[in-house]
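Worksheet for the structure shown next.
The values are calculated or read from the model by the stated rules, or taken from the named source; none is laboratory data. The shown structure was predicted, so the numbers you read here are calculated from the model rather than taken from an experiment. Positions of Cβ are backbone-derived with ideal geometry, glycine not excepted, and every protein chain shown enters the neighbour counts. All accessible areas refer to the heavy atoms of the entire protein, side chains included, with ligands and DNA or RNA removed. Shrake-Rupley method; radii C 1.70, N 1.55, O 1.52, S 1.80 Å.
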Amino acid sequence: MIKVLTVVLKRLMIPVVLLCGLLQVAAQEIITVETAENALVFEVNEDSELNAIYLGEKLQYDEYSKIPAQYKQGSNYTGIYASAYTPAGSKNFLEPAVEVTHADGNMSLSLEYVSSEQKEVSPGVTETMFLLKDKVYALEVKLFYKSYEKENVIESWSLIENKAEGELQLRKFASANLYLYGNNDFWLTHYSGDWAMEMKPETSKLSHGVKVLDSKLGSRANLFQPSVFTVSLGAPATEEYGNVLIGGLEWSGNFRNEFEVDPLNNLRIISGINNYATAYTLEKGENLTTPKFWFTFSNKGKGNASRNIHRWARNHKVLDGQGSRLTLLNNWEATYFDFNEKKLKKLIGDAKKLGVDLFLLDDGWFGNTYPRNNDDAALGDWDVNRKKLPNGIGTLVETAKKNQVKFGIWIEPEMVSPDSELYHKHPEWVIKQPQREEYYFRNQLVLDLSNPEVQEFVYGVVDNLFTENPELAYIKWDCNAVIYNAYSDYLGEDQSEFYVRYVQGLYQVLEKIREKYPTVPMMLCSGGGGRVDYGALQYFTEFWPSDNTDPLERVYMQWEYSFFYPAITMAAHVTDWGDQSVKFKTDVAMMGKLGFDIVVSELEDKELEFCKQAIANYNELEDVIWHGDLYRLRSPWENNIASVMYVGEQQEEAVVFSYLVNYRYEQGNPTPVKLKGLDPDASYAVEEINVYPGAQPVFKSEIYTGDYLMKVGVNPNVKKDNPSVVLKLKRVAK
Ligand code: DGJ
């Protein structure tokens, strides 16, 4: 703390007053938000406006104030192209971060810097707050930056407060407004998708004007695209080289990211809640805190950037990010809706046979008046289907216990089927236009989480399950539908806050669940990866990246997710998708949080033996995979193989996964793969694991130094006959 403050004070060279542990700064010129490697630097200009002057690698000496003079890029007609929070309606003419309508109908805003505070909120985490005010209207913006020193991640958000007499309408209220200096040389990587086709990357050079990435889907907001992105400066960054910013919004609803190459050839990035069909009203004294936008900057390429993010996510964001996870057997693909008590009990026995930690009962266990035998009924009626499960869930939990496995259950509590008792009992809880025909996504509608009664109901779904089955050990929380015909009966005449209040309502429910059940693992699922973000992951231990579990597809998909999310959060199951061997499927799933969704009794003896041995290997390596550093060694997009490596924190152990992705004649891996992140002076025993019973290893065990492994590398010998190879490294001598 003292060190951070001293450095900041030295840089500011301005009078300071220490007050109650806070640093009150007046009339300063340069304010620096720093992490171990990076700096985000602001300057207050002569008109008292707060502008960004630098975002990048930290300078060794305090020379930030000399930066602006080096840029001769033309006229900045407003003086606020680089505004830290660009207001609309006064002199600005670029994309704004904040737009308002005052009580008198006036739509102008101009933000003046008043003061700032910097304080250490927890060890290694510093919060910087800028107070900005409009000169004419009583409106205040507090702009926050939370910097995580060792993880090199910064979060940005705002708090907007109406201090005037009348009602203030916020028409846009971004979380982040970043400015990257360059020369019209920015490359954006973003993602498109759909069901079973998540995370398809596209990289292009940004051109002048505004590129918008957004979601208007309400729930399942990431169905077509997530808010996460990568921007390279100067040239597209590689794993090892280049300047790159990676970021995303911590919000599980409509988002809007804007990338504007401005007239000076610099890049403006604005990210926040989507203001599509949205305005947020603040009465006198009310305020709105926007969700956080997270980002990291790396001058050493994407590999370093994503390791920063992974550490930050595990240390600060994801629920139980430093903890452990449960391997599981899921029955979704094994049975779909077609099961009964007997069948499930057999599957529970199979979970034990396989050696996983938990059995997860998926969709189809509820509904009586309208039984859930397909995806067209019963959502909302969370009572156990008496025909399928006459003795309730309790007997399954018991059976699991007898088999020494835990028991988990699937729910989709935000949803309602038109064929359900709930739909008929509470039509006012359902999101739909009162005068328009209903329109369905997967035969269902979404419940109105802006309504506190609905929040209570959704909370109750979870709470009842735990109350009735205290030994329940896992929840899979699904969300399959988007919001059509957005309308809340509860909000009545003013619908303009609906999309925001839906997500706020969801978070309130999750908050309450976590107060009572702080640690129980929960999987964030949305028909696959339709909802994955760090807003939600504060309440969840893991997410379901996609219903597409074809392992070859997963090699690519998990590769892309890995830029933003650590392996511990990424559920990966062995299923019937894809016609590859059980070995290939398991080797791929082991890159993430391992699970199975197969009929174990249909496995051949050798397949079962292999799976059991692979689970045992996974259990041994889990610390390295879940908490270690990830190195992407060979990209499937550019090579015949994909290679990914995890190295334990102490560099004692590592694992290298390699997969063939090109199945054409004689395509394999001709050259050694250079490993990363090892101790060069240590010796490592390198051994192939997950060898199929009866088969010979394709890699000869040997001892190599870390130096050799990183400079020369080893060849995992992946080819058509052995399309996946897993190598385990163990330090044997310093
Ligand atoms: C969509 C999920 O992604 C699947 O894993 C499964 O849980 C189904 N929903 C159940 O309806």
I'd like to know if the stretch 595-603 contains one or more residues that are assigned to a loop (DSSP other than H, G, I, E, B), touching a helix residue (DSSP H, G or I) at 6+ places or on another chain (Cβ under 6 Å) and over 30 Å from Arg314 (Cβ atoms). yes
What are the residue pairs meeting all of these: first residue in the stretch 514-540, first residue closer than 20 Å to Gln322 by Cβ and in contact (Cβ under 8 Å) with a residue 24 or more places away in the chain, second residue of a type in the set (Lys, Arg) and within 11 Å of the ligand (Cβ to nearest atom), Cβ atoms under 8 Å, and 6 or more apart or on different chains? Met522/Lys476; Met523/Lys476; Leu524/Arg531
Specify which of the listed residues (Glu560, Glu620) is at pLDDT 95 or above and open to solvent by 30 Å² or more (accessible area, probe 1.4 Å). Glu620
Of the listed residues (Val100, Val136, Val121), the one being among the β-branched types (Val, Ile, Thr) and within 25 Å of Glu260 (Cβ to Cβ) is Val100
Determine whether Lys388 is within 16 Å of the ligand (Cβ to nearest atom) and touching a helix residue (DSSP H, G or I) at 6+ places or on another chain (Cβ under 8 Å). yes
Taking the stretch 51-74 as the search range and keeping residues that are among the aromatic types (Phe, Trp, Tyr) and over 29 Å from the mean Cα position of the chain (by Cα), which one is least open to solvent (accessible area, probe 1.4 Å)? Tyr64
So, of the residues in the stretch 710-734 that are among the β-branched types (Val, Ile, Thr) and in a loop (DSSP other than H, G, I, E, B), which turns out to be nearest to Asn669 (Cα to Cα)? Val718
Based on this model, can you work out whether Glu127 counts as in contact with a Lys or Arg (Cβ under 9 Å, 6 or more places away or on another chain) and in a strand (DSSP E or B)? yes
Index of the failed condition, Gln504 passing every other in (1) within 16 Å of the ligand (Cβ to nearest atom); (2) closer than 23 Å to Leu288 by Cβ: (1)
Within the stretch 461-501, of all residues that are in a strand (DSSP E or B) and within 16 Å of the ligand (Cβ to nearest atom), the one farthest from Phe441 (Cα to Cα) is Tyr474
What are the residues in the stretch 283-305 that are buried (at least 21 other Cβ atoms within 10 Å of the Cβ) and either closer than 18 Å to Leu139 by Cβ or out of contact with any strand residue (DSSP E or B) (no Cβ under 7 Å at 6 or more places or on another chain) (or both), if any? Thr290
Residue pairs meeting the criteria (Cβ under 6 Å; at least 6 apart or on separate chains; first in a strand (DSSP E or B), in the stretch 190-217; second small (Gly, Ala, Ser)): Lys200/Ser192; Lys200/Gly193
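Among the listed residues Thr289, Thr296, Thr281, Thr238, which satisfies the condition of being touching a residue at least 60 places away in the same chain (Cβ under 8 Å), out of contact with any helix residue (DSSP H, G or I) (no Cβ under 9 Å at 6 or more places or on another chain), β-branched (Val, Ile, Thr) and closer than 27 Å to Tyr148 by Cα?
On inspection, the qualifying residue turns out to be Thr289.
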Single residue of Leu188, Leu223, Leu233, Leu170 found to be buried (at least 22 other Cβ atoms within 10 Å of the Cβ) and within 19 Å of Trp294 (Cα to Cα): Leu233
Residue match in the stretch 445-458 (condition: within 16 Å of the ligand (Cβ to nearest atom), crowded, with 23+ Cβ neighbours inside 10 Å and modelled with pLDDT of 95 or more): yes
Of all residues making up the stretch 345-366, the number that are more than 15 Å from the ligand (Cβ to nearest atom) and over 22 Å from Glu607 (Cβ atoms): 1
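This table checks each residue for (1) over 23 Å from His310 (Cα atoms); (2) among the acidic types (Asp, Glu); (3) out of contact with any Phe, Trp or Tyr (no Cβ under 8 Å at 6 or more places or on another chain).
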{"site": "Lys133", "(1), (2), (3)": "yes, no, yes"}
{"site": "Ser147", "(1), (2), (3)": "no, no, yes"}
{"site": "Ala164", "(1), (2), (3)": "yes, no, no"}
{"site": "Asp185", "(1), (2), (3)": "yes, yes, yes"}
{"site": "Met197", "(1), (2), (3)": "yes, no, yes"}
{"site": "Glu202", "(1), (2), (3)": "no, yes, no"}
{"site": "Phe224", "(1), (2), (3)": "yes, no, yes"}
{"site": "Ser227", "(1), (2), (3)": "no, no, no"}
Could you check the stretch 113-140 and list, in sequence order, the residues that are open to solvent by 30 Å² or more (accessible area, probe 1.4 Å) and under 30 Å from Gly166 (Cβ atoms)? Val114, Glu117, Lys133, Lys135, Val136, Tyr137, Ala138
